[in-house]
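Data block below; observations after.
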Amino acid sequence: LLSRYPKTSEKDSALLITGDFACPELLSRIKSGTYDVIYHLAANPRVAFSVEKPVESNETNLHKSIAIFKTAADSNTRVVFSSSCAVYGDPDILPTLEDAKKSPESPYGLQKLLCEQYLDLFVKLYSIDAISLRYFNVYGPKSLGSSPYSTAIAAWCNAIHDGKPLRSDGDGEQTRDMIFVDDVVEANYLAGRHKNRLFSEKLNIATGDSCSNNYILSLMKKRIGEIQVVTAPRRPGDVTDTKGDIQLAKNILGFQSRVPLEEGLEKTMTWWGIK
């Protein structure tokens, strides 16, 4: 693989390798010092999937991630790890600080927490340069909604696009800190470019605000008119509320979310062709 895919040298060029992110060939490529930063986003990312298939999700979300971390440590390659607010479970205090109690409600949340703890350990054992970005509820264009594990906004946009009823879990009053994908990209960029070594810092990547599912539905109705909504039971592993304190991300990275929900939802629905 190393000879087949040499380093790219042209400005603005990109190399796409499709395959298992922890395959021996790719780990060898990382270990050779090919990369400056690993943005580790690969995961089985849905709470419901992890509840139904904890063994399968653990293999990807934890076991393979540890392989990436160790290889990055060996090659002195920075890791920007995509963690999740799921590590908190149902938090006692909102907005939630990074040092709040961790009580995951799903295997997915536990797997992300264990990855963070491995990075803590690898700082002590191997001096790894790493940071964990705890994403809150990410949404935006290109997030497809056809899977039963899709996020609410993506699933609702997909249903509207296909002319089907929207499914709302529980009473719809659960709240989420919704952060637009462009802001998440900015946080990753800032973490990857940070001038100082990062010793397994954990940062909330959020807006510092939250809204209910019912409020999001009201914004959609304002754009397109009446929407048919079908109520479904609350899904196992789902938490009631999320809202992240973002002061630490501001202090360390200079991060500040810039896209308000109304603007982000407008861009997302436009991408879906919803008028």
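Data table
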read-out	value
Residue tally, condition within 17 Å of the chain's Cα centre (by Cα) and of a type in the set (V, I, T), over region 63-95	3
Inter-residue pairs, beta-carbon under 6 Å, first closer than 12 Å to K112 by Cα and in region 54-65, second part of a helix (DSSP H, G or I) and of a type in the set (G, A, S), 6+ apart	S57/S50
Filtered residue count, region 160-171, keeping only those that are buried (at least 17 other Cβ atoms within 10 Å of the Cβ) and either basic (K, R) or under 24 Å from the mean Cα position of the chain (by Cα) (or both)	2
Unmet requirement for G244, which otherwise passes all of (1) farther than 24 Å from L97 by Cα; (2) open to solvent by less than 20 Å² (accessible area, probe 1.4 Å); (3) at pLDDT 95 or above	(1)
Region 250-261 residues that are touching a residue at least 24 places away in the same chain (Cβ under 8 Å) and within 16 Å of G192 (Cα to Cα), paired with ones that are of a type in the set (V, I, T) and surrounded by 13 or more Cβ atoms within 10 Å (Cβ to Cβ) (beta carbon under 8 Å, 6 or more apart)	F255/I205; F255/I246
Filter result for I17 (open to solvent by 20 Å² or more (accessible area, probe 1.4 Å) and modelled with pLDDT of 95 or more)	no
Test: residue in region 101-110 that is in contact (Cβ under 8 Å) with a residue 40 or more places away in the chain, closer than 22 Å to K53 by Cβ, hydroxyl-bearing (S, T, Y) and buried (at least 23 other Cβ atoms within 10 Å of the Cβ)	yes
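Yes/no matrix, rows are residues, columns are (1) at pLDDT below 95; (2) of a type outside the set (V, I, T); (3) touching a helix residue (DSSP H, G or I) at 6+ places or on another chain (Cβ under 8 Å):
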site	(1), (2), (3)
A152	yes, yes, yes
N158	no, yes, no
R176	no, yes, yes
D183	no, yes, no
A187	no, yes, yes
A191	no, yes, yes
N196	no, yes, no
I205	no, no, yes
S210	no, yes, no
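The values are calculated or read from the model by the stated rules, or taken from the named source; none is laboratory data. Keep in mind it's a predicted model, so treat the numbers as computed, not measured. Neighbour counts are summed over all protein chains in view; Cβ atoms, including those assigned to glycine, are modelled from backbone coordinates with ideal geometry. In case anyone asks, the SASA skips ligands and DNA or RNA and just uses the protein heavy atoms, side chains included. Shrake-Rupley method; radii C 1.70, N 1.55, O 1.52, S 1.80 Å.
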